[in-house]
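The values are calculated or read from the model by the stated rules, or taken from the named source; none is laboratory data. Here the structure is a predicted model, which means the values were calculated and not measured. Because the Cβ atoms are built from the backbone with ideal geometry, glycine has one as well, and the counts that use them run over all protein chains shown.
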Amino acid sequence: MSSIRSTHSHSHTHVKTDMGFLPPTTALVDGLPPLGGQGGQGVGVKVLDLEGAAHHVEDLYPDPAVLSTYYASPDKSLLKPIPLTWGAPTATLRGPLVVSHKPSAIAHRNAIGAHSGSYSIYRALAMALNTLDPAHVPDYTNTHPPFPVTPNASWFDPGKIVSLDPWGHLAQTEFEEHNKRGLDVRPTISLTKAHIKMSELDRAFQRGEILPDGKVVHNSLPRESPLGTSKENNGRKEEDAGVEVTTSKAAVEPVWHLPGMAARFGISEDLLRRALFEETGGMYPELITRPDLKVFLPPIGGLTVYIFGNPQHLRDPTKELTLRVHDECNGSDVFGSDICTCRPYLIYGIEEAIKCAQRGGVGLVVYFRKEGRALGEVTKYLVYNSRKRTGDTADRYFKATELIAGVKDMRFQALMPDVLHWLGVQKIDNMISMSDMKHDAIVSSGIPILKRYDIPAELLPPDSQVEIDAKIAAGYFSAQKQVKMEDLHLTVGRAWEDLEH
């Protein structure tokens with residue numbers, strides 16, 4: 001295991017590491033060859049340049065910077081992490097997540113990373129630009145959940161939930177005393193209620209496919225003009241404003257239990273930690289220096305849960321449950337790109353979830369932030385370019401991604417069922433998905449799926465046939481169509497030259 005030792009420096013400001021002190025401008029890492037210099041000392045790796053900062057660092061951060069706490073340090077006695085037992089039967093026995101670098105909390109940290117996922121970087125900018133007071137203490141008055149998500153057996157099985165904190169929505173109440181001690185315990189999940197309104201749902205209402213019931217689906221109020229009269233269209237008052245749907249929602253940030261994650265993937269915890277450390281540019285040295293810290297809050301997007309109907313029905317196996325698990329696709333979901341089936345499949349899942357709730361069951365849509373199969377939108381657009389410049393045939397659909405990204409998919413659906421176990425789901429009656437990976441992950445986690453639904457042919461966008469045929473041939477479920485691998489070259493997408501751009 002590497003440790004950090006200091007080189008000679010005359011600076012008066014020090015950087016703390018291993019709960020000790022290190023001069024701020026240079027450091028050497030054990031095990032690495034020197035970068036040059038005299039006397040065998042080498043040129044140190046630059047750590048911080050405090051004197052070049054535009055503002056006085058000491059004004060914002062009066063204490064020395066901590067590069068890493070170190071479990072094997074001679075100053076180990078300074079570390080007093082709050083006990084955290086993953087899978088414990090109560091919040092008190094489990095313990096809070098303490099990840100803050102505040103002086104009052106840093107010695108008591110029991111987790112690596114930072115709150116808010118990818119938005120932690122914006123928090124840092126807000127601090128640096130003096131728009132956020134580093135001493136601000138969140139006021140969680142009236143932020144408690146408006147509907148219950150209560151413990152179930154999966155919360156107490158350390159292997160069932162490894163990628164989120166099941167107590168995350170209760171942090172502001174269950175760990176209030178820890179916050180009073182300055183430990184900065186924050187929720188990683190929040191629940192709320194909302195109305196949603198979508199043009200596709202209005203059209204489904206106009207076709208008579210979704211009807212208001214006063215519980216799940218409601219008539220939208222007529223829109224009023226500034227003068228207070230009904231909005232007019234060609235001299236006539238608008239006859240109806242469509243419908244809106246009530247939903248219960250949960251926003252979930254990722255919280256990774258590293259031993260459980262490693263076991264889920266069948267790799268060692270050491271390998272997982274090293275890969276996370278290396279591939280984030282060494283952003284989190286405590287992945288290496290603190291093997292006693294078993295929880296990591298990664299800087300990635302989370303997920304959103306949409307529940308249609310009574311949330312308590314999710315854990316009742318006598319109630320019908322319809323599920324759509326959807327991975328983010330900004331181009332289609334938001335802007336309606338027709339190169340894939342994402343938005344129409346999402347809308348189809350929402351409509352079926354609503355209908356299930358109106359039948360007395362419950363609908364569930366889980367929206368994961370995994371843009372471009374978790375390869376990212378930049379990679380996705382590069383793949384689009386490659387496809388369109390080489391004929392865009394279904395036989396090259398996955399190959400085009402592999403040539404650029406080195407892999408066709410990085411969503412790792414084995415983690416996806418955790419949110420279902422958090423909610424207490426015991427069985428799924430209707431799965432609105434063709435994905436074999438999602439199906440297999442859910443079933444292997446212990447939740448049976450009774451029926452699967454592929455996207456109706458009439459909902460397929462004009463340029464999405466390449467995607468759908470390639471996926472069916474690769475093993476995606478379809479009750480309507482069979483596609484042979486040898487026929488994939490016959491499915492051709494639209495060329496750029498067909499339309500002006």
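Values for this structure:
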| read-out | value |
| --- | --- |
| Selection status of residue 288, out of contact with any Lys or Arg (no Cβ under 6 Å at 6 or more places or on another chain) and not assigned by TED's automatic domain parsing to the domain that holds residue 443 | yes |
| The range 109-122: number of residues that are closer than 21 Å to residue 259 by Cα and either touching a helix residue (DSSP H, G or I) at 6+ places or on another chain (Cβ under 9 Å) or not assigned by TED's automatic domain parsing to the domain that holds residue 288 (or both) | 5 |
| Qualifying residue in the range 350-365 (condition: on the phi > 0 side of the Ramachandran plot, surrounded by 16 or more Cβ atoms within 10 Å (Cβ to Cβ) and assigned by TED's automatic domain parsing to the domain that holds residue 453) | no |
| Matching option when the condition is of a type outside the set (D, E, K, R) and loosely packed, with under 12 Cβ neighbours inside 10 Å, among 485, 416, 434 | 485 |
| Residue ID - surrounded by the fewest Cβ atoms within 10 Å (Cβ to Cβ), chosen from residues in the range 135-156 that are polar (S, T, N, Q) and in a loop (DSSP other than H, G, I, E, B) | 142 |
| Meets criteria (in a helix (DSSP H, G or I) and touching a helix residue (DSSP H, G or I) at 6+ places or on another chain (Cβ under 9 Å)) for residue 383 | yes |
| Residue in the range 367-382 that is of a type in the set (A, V, I, L, M, F, W, C), touching a residue at least 40 places away in the same chain (Cβ under 8 Å) and crowded, with 21+ Cβ neighbours inside 10 Å present | no |
| Matching residues in the range 85-127 - criterion: being polar (S, T, N, Q) and under 25 Å from residue 154 (Cα atoms) | 85, 90, 92, 110, 116 |
| First in the range 301-328 and assigned by TED's automatic domain parsing to the domain that holds residue 453 and at pLDDT 95 or above, second anywhere and part of a helix (DSSP H, G or I) and of a type in the set (Lys, Arg), Cβ under 6 Å, 6 or more apart | 325/438 |
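Residues checked against (1) farther than 23 Å from residue 276 by Cβ; (2) part of a loop (DSSP other than H, G, I, E, B); (3) touching a residue at least 24 places away in the same chain (Cβ under 8 Å); (4) among the hydrophobic types (A, V, I, L, M, F, W, C):
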| position | (1), (2), (3), (4) |
| --- | --- |
| 98 | no, yes, yes, yes |
| 115 | no, yes, yes, no |
| 120 | no, no, yes, no |
| 123 | no, no, no, no |
| 130 | yes, yes, yes, no |
| 133 | yes, yes, no, no |
